[in-house]
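**Q** My structure is below; once you've seen it, I'll send some questions.
The values are calculated or read from the model by the stated rules, or taken from the named source; none is laboratory data. A quick note: this is a predicted structure, and the numbers were derived from the prediction, not measured. Positions of Cβ are backbone-derived with ideal geometry, glycine not excepted, and every protein chain shown enters the neighbour counts. Just so you know, the surface numbers come from the protein's heavy atoms only, side chains and all, with ligands and any DNA or RNA stripped out. Shrake-Rupley method; radii C 1.70, N 1.55, O 1.52, S 1.80 Å.
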Amino acid sequence: SQKNDENGNCSGEGIEFPTTNLYELESRVLTDHWSIPYKREESLGKCLIASTYLARLGLSDSDENCKRFMDRCMPEAFKKLLTSSAVHKWGTEIHEGIYNMLMLLVDLVAERVKQDPIPVGLLGVLTMAFNPDNEYHFKNRMKVCQRNWAEVFGEGNMHAVSPISTFQKEPHGWLVDLVNRFAELGGFSAIQSKLNSEDIELGAISALVQPFGVCAEYLNSSVVQPMLDPIIHKMIKYVQNVEEKDLKDKRLVSIPELLSGIKLLCMRFQPDLVTAVDDLRLDILLRMLKSPHFSAKMNSLKEV
C-alpha cells in the first residue's frame with residue numbers, strides 16, 4: 001500500500017495510517033506543556049487527511065490507530081487550540097494554521113457523518129469548532145470570509161452568512177467559512193437524512209443537532225430553516241410524550257442536552273416556541289427529580 005506523500009496526501013488504493021505522526025502528536029498534545037503542530041504537512045494535518053481518506057473508504061472506525069486518533073488525541077488537540085487562554089498570545093501565522101486545521105476537521109466530519117454508526121464523538125468536536133463563543137473564534141471575530149460562497153451556492157443560498165448589520169454582530173467570517181465548507185461537502189444533507197431515519201437514538205439526535213445549535217445565529221434561515229423545522233417539532237412532540245416508565249432509561253440522559261440544542265435553534269428560527277421549550281425542559285427535569293430512579297434524579301440535579 002502506498003503511504004502519504006510529503007504533503008500528507010494519500011494516494012493509491014491502500015493507505016497506512018501515519019502511526020509515527022500519531023505517536024508524535026500524542027506526545028505533544030497529551031501533556032501539560034503542550035505544543036500542537038498547525039501545518040498541513042505536520043502531524044495533526046497528516047493524521048486528519050489520512051482519517052478523511054479512510055472515512056471515505058468506510059474504514060476509519062476499523063483502523064485501530066485512526067480510531068485512537070479520532071477518539072482521544074484529536075478532540076484534545078482542538079480543545080486546546082480553540083479554548084485555551086493562550087489563543088490570545090499567538091500570532092497571525094498560528095491563527096491561519098489553526099483555520100486550515102479546522103477546515104481539515106470539517107472535511108473529516110463531513111465524510112464520516114455520511115456513514116453509520118453516527119459519530120457522536122466527532123460531532124462533539126465539530127460543535128466545539130462551530131461555537132462562536134470559544135476563545136479562537138472570539139479572537140478572530142472581525143475576520144471576513146476567505147471564500148466567496150455566493151459563487152459556490154448561488155446568491156442568497158449560502159448555509160451560513162455574516163450578520164448584515166455590523167453594529168449588531170461581528171462578521172465571524174472564518175466561522176461562516178467552516179459552516180459553508182461543511183455544507184459544500186454534503187455534511188448538512190447527510191445530517192438531514194440521518195435525522196429523518198426511523199430508528200435513530202436520542203443521544204445521536206442530540207449529537208446531530210448540537211453543531212447547528214451553537215452557531216444558529218450565523219445560519220441562513222431561508223436555507224437551513226426548512227431542513228431543521230420538522231426536527232424541532234418532532235423532538236418537542238417526542239419529549240412531551242415521554243412516559244413515567246421511560247424515565248429510568250439511561251438513554252434519556254440526552255433529553256436535557258437535546259432540548260438546549262433545540263432551544264438555540266428556536267431562538268433563531270422559531271422564537272414563538274422558545275418559552276414552550278423552556279417549560280418542557282423544566283417539566284422533564286421536575287419529572288426526573290420525582291422519579292424513583294436514582295440516575296434520573298442525579299441527572300436532573302446536574303442539569304438544574
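**Q** Please list, ordered by first then second residue, the pairs with beta carbon atoms under 8 Å, 6 or more apart or interchain, first in the stretch 97-110 and free of Cβ contacts under 8 Å to residues at least 60 places away in the same chain, second open to solvent by less than 10 Å² (accessible area, probe 1.4 Å) and assigned to a helix (DSSP H, G or I).
**A** Note: pairs meeting the criteria are Leu105/Leu48; Leu105/Met74; Leu105/Phe78; Leu105/Val125; Leu105/Leu126; Leu105/Ala129.
**Q** Quick test of your reading of the structure: Pro132 fulfils all but one of (1) more than 24 Å from Gly203 (Cβ to Cβ); (2) in a helix (DSSP H, G or I). Name the failing condition by number.
**A** (2)
**Q** Just to be sure, is Arg141 farther than 17 Å from Ser221 by Cα, under 19 Å from the mean Cα position of the chain (by Cα) and either free of Cβ contacts under 8 Å to residues at least 60 places away in the same chain or open to solvent by 20 Å² or more (accessible area, probe 1.4 Å) (or both)? Full working, then the answer.
**A** Details: farther than 17 Å from Ser221 by Cα: yes; under 19 Å from the mean Cα position of the chain (by Cα): yes; either free of Cβ contacts under 8 Å to residues at least 60 places away in the same chain or open to solvent by 20 Å² or more (accessible area, probe 1.4 Å) (or both): yes.
Answer is yes for this residue.
**Q** Can I ask one more? Looking at the stretch 56-88, which of its residues are more than 16 Å from Pro119 (Cα to Cα), open to solvent by 10 Å² or more (accessible area, probe 1.4 Å) and part of a helix (DSSP H, G or I)? Step through it out loud before you land on a result.
**A** Quick first cut of the stretch 56-88, residues more than 16 Å from Pro119 (Cα to Cα) only: 65, 76-88.
Still in the running and open to solvent by 10 Å² or more (accessible area, probe 1.4 Å): 65, 76, 79-80, 83-86, 88.
Hits for the stretch 56-88 are Asn65, Glu76, Lys79, Lys80, Thr83, Ser85, Ala86, His88.
**Q** Among the candidates Val242, Val223, Val209, which residue alone is out of contact with any strand residue (DSSP E or B) (no Cβ under 7 Å at 6 or more places or on another chain) and outside any helix (DSSP H, G or I)? Talk me through it step by step, then tell me what you get.
**A** Details: Val223 fails: outside any helix (DSSP H, G or I); Val209 fails: outside any helix (DSSP H, G or I).
Selected residue: Val242, the only one of Val242, Val223, Val209 that is out of contact with any strand residue (DSSP E or B) (no Cβ under 7 Å at 6 or more places or on another chain) and outside any helix (DSSP H, G or I).
**Q** May I ask you to verify whether Leu44 is under 30 Å from Asp133 (Cβ atoms) and either modelled with pLDDT of 95 or more or open to solvent by less than 60 Å² (accessible area, probe 1.4 Å) (or both)?
**A** yes
**Q** Which of the residues spanning the stretch 171-196 are part of a loop (DSSP other than H, G, I, E, B) and under 23 Å from Cys266 (Cβ atoms)?
**A** We begin by selecting, within the stretch 171-196, every residue part of a loop (DSSP other than H, G, I, E, B); these are 171-172, 185-186, 196.
Selection gives His172, Asn196.
**Q** Of all residues in the stretch 24-49, which are without any contact (Cβ under 8 Å) to a residue 40 or more places away in the chain and touching a helix residue (DSSP H, G or I) at 6+ places or on another chain (Cβ under 9 Å)?
**A** Step one: filter the stretch 24-49 for residues without any contact (Cβ under 8 Å) to a residue 40 or more places away in the chain, giving 24, 27-28, 31-33, 35, 37, 41-43, 47.
The answer is Glu24, Arg28, Ser35, Pro37, Glu42, Ser43, Cys47.
**Q** Can I ask one more? Need pairs with beta-carbon distance below 9 Å; first residue on the phi > 0 side of the Ramachandran plot and within the stretch 175-200, second surrounded by 14 or more Cβ atoms within 10 Å (Cβ to Cβ) and not β-branched (Val, Ile, Thr); sequence gap 6+ or separate chains.
**A** Gly186/Ala110; Gly186/Glu111; Gly186/Lys114
**Q** Another question, then. Identify, please: which residue in the stretch 256-280 is open to solvent by 60 Å² or more (accessible area, probe 1.4 Å) and at pLDDT 90 or above and is, among those, nearest to Val242 (Cα to Cα)? Before you say what the answer is, go through the steps one by one.
**A** Going residue by residue through the stretch 256-280, those that are open to solvent by 60 Å² or more (accessible area, probe 1.4 Å) are 257, 264, 267-268, 271-272, 275, 279.
Checking the rest, the ones that are also at pLDDT 90 or above come to 264, 267-268, 271-272, 275, 279.
On the way: Leu264: 22, Met267: 24, Arg268: 26, Pro271: 24, Asp272: 23, Thr275: 19, Asp279: 15 Å.
It comes out as Asp279.
**Q** Do you know which residues across the stretch 217-248 are crowded, with 21+ Cβ neighbours inside 10 Å and within 10 Å of Leu265 (Cβ to Cβ)?
**A** Leu219, Val224, Leu228, Met235, listed by residue number.
**Q** For the stretch 156-199, enumerate the residues that are modelled with pLDDT under 90 and either outside the structural domain of Leu102 (by the TED database) or open to solvent by 70 Å² or more (accessible area, probe 1.4 Å) (or both).
**A** Passing the criteria: Ile164, Thr166, Phe167, Gln168, Lys169, Asn196, Glu198, Asp199.
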